[in-house]
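S.K.: My questions all concern the structure below.
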Amino acid sequence: MRIAIVNDSAMAAESLRRVIAASRRHQVAWIAEDGAEAVRRCGEDRPDILLMDLIMPNLDGVAATREIMRRTPCAIVVVTASVDGNAAQVFEAMGAGALDAINTPILEMNGDGDGQAALLHKIDTVAKLIDAPRRTATGAHTPAPVPVRRLPAAIGAPARPPLIAIGASTGGPAALQTLLDGLPPTLGAAVIVVQHVDVQFAASFARWLGAQTPLPVRLARPGDRPRPGEVLVAGREDHLILTPGGSLDYTAEPAAYAYRPSVNVFFHSLARHWRGTAIGVLLTGMGRDGGSGLLALREAGCHTVAQDQGSSAIYGMPKAAAELGAAVEILPLDAIAPALLKFLQQTLTTR
């Protein structure tokens, strides 16, 4: 992979350069000292992956990410001194199209230091995400979807609240902010979110998301049950699933999935095990994760919604759903929350 570095700190840029050079499987395409230079260099020589700092003169990392994704889209990973300390800017950059975030590695004179392995793992993971659509397009093997079997409500089983299941990736934080802000604090449905985000920053993401919505937001824990008016966010690298008993859990399988946690895995488990009203929502994102899962939900009798191309930062995941005929409705982002509320109202009045 050809990797570009954007950082106004010569020490940080050199640290990143040394990590990439030491990998022997990636090379540095170029180094820019601020966001404005990065926008120009991307137009001249687009890299495979761009490591973007946040706090820079002339044009900061958020604005540069937004401009690059508009002009010459490429895979962007935010690299900053402290992801937790800059959470608002990090998730704003991810809303603008950045794929992920990581702390800047600190290297000693001998080449050792903190964060080197983590950065290389992040780069390799992003490389898989970039390559996944190409492998799918050329007919390479992809895991088969789990067969759907709709379970009838068990006699004497407690009633389950309506459930809104949302999947998102690239551009997801900003899209989720808009969608959840449109839901009232008196929402009579449970909400579960699967957003592709590094497990190291999942807690920061949940806290940030909670500040953007009137609904309480927290990470999903094993054994949790969806509750009305509460947003649960997948918070581990393993896949979030719904168990046959209606509680949440995590599983490492399928291990071969590049997307972790996978929207498809959760949607398929929901289609198999949820007894009650459910709505599947697929938002902006790179790749095809969530498409077959949304189709499984539709085939199981659930209402399904996909974000439209015009309002998506990256029209990958919603496009996959549209091509499969998985979405009952394809809507612009700002129309999704009103549509969900309308559907829930109609469902409750016809019970």
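S.K.: Looking at Gly246, is it touching a Phe, Trp or Tyr at 6+ places or on another chain (Cβ under 9 Å) and over 27 Å from Ala313 (Cα atoms)?
M.R.: Criteria met by Gly246.
S.K.: Here is a further query. Do we have any residue at all in region 28-39 that's hydrophobic (A, V, I, L, M, F, W, C), closer than 20 Å to Gly115 by Cβ and surrounded by fewer than 17 Cβ atoms within 10 Å (Cβ to Cβ)?
M.R.: Among the residues of region 28-39, not one is hydrophobic (A, V, I, L, M, F, W, C), closer than 20 Å to Gly115 by Cβ and surrounded by fewer than 17 Cβ atoms within 10 Å (Cβ to Cβ), which makes the answer no.
S.K.: Read through the list (1) touching a helix residue (DSSP H, G or I) at 6+ places or on another chain (Cβ under 6 Å); (2) at pLDDT 90 or above; (3) more than 15 Å from Glu37 (Cβ to Cβ), then give the number of the only condition that Val90 fails.
M.R.: The number of the failed condition is (1).
S.K.: Identify, from the list Ala255, Ala321, Ala296, the residue that is in contact (Cβ under 8 Å) with a residue 60 or more places away in the chain and outside any strand (DSSP E or B).
M.R.: Ala296
S.K.: Going by the conditions given, is Arg24 without any contact (Cβ under 8 Å) to a residue 40 or more places away in the chain and either crowded, with 18+ Cβ neighbours inside 10 Å or more than 17 Å from Asp124 (Cβ to Cβ) (or both)?
M.R.: no
S.K.: Taking Gly43, is it surrounded by fewer than 17 Cβ atoms within 10 Å (Cβ to Cβ) and not in a helix (DSSP H, G or I)?
M.R.: no
S.K.: Still on this structure, I have one more. If you take the residues of region 235-249 that are of a type outside the set (D, E, K, R), part of a loop (DSSP other than H, G, I, E, B) and out of contact with any His (no Cβ under 9 Å at 6 or more places or on another chain), which of them is surrounded by the fewest Cβ atoms within 10 Å (Cβ to Cβ)?
M.R.: Among them, the one singled out is Ser247.
S.K.: I'd like the full set of residues that are surrounded by fewer than 19 Cβ atoms within 10 Å (Cβ to Cβ), within 18 Å of Leu176 (Cβ to Cβ) and among the small types (Gly, Ala, Ser), limited to region 312-351.
M.R.: Residues satisfying the conditions are Ala335, Ala339.
The values are calculated or read from the model by the stated rules, or taken from the named source; none is laboratory data. Predicted, not measured: the structure shown is a model, and the values here were computed from it. Virtual Cβ from ideal backbone geometry, glycine too; neighbours counted across all protein chains shown.
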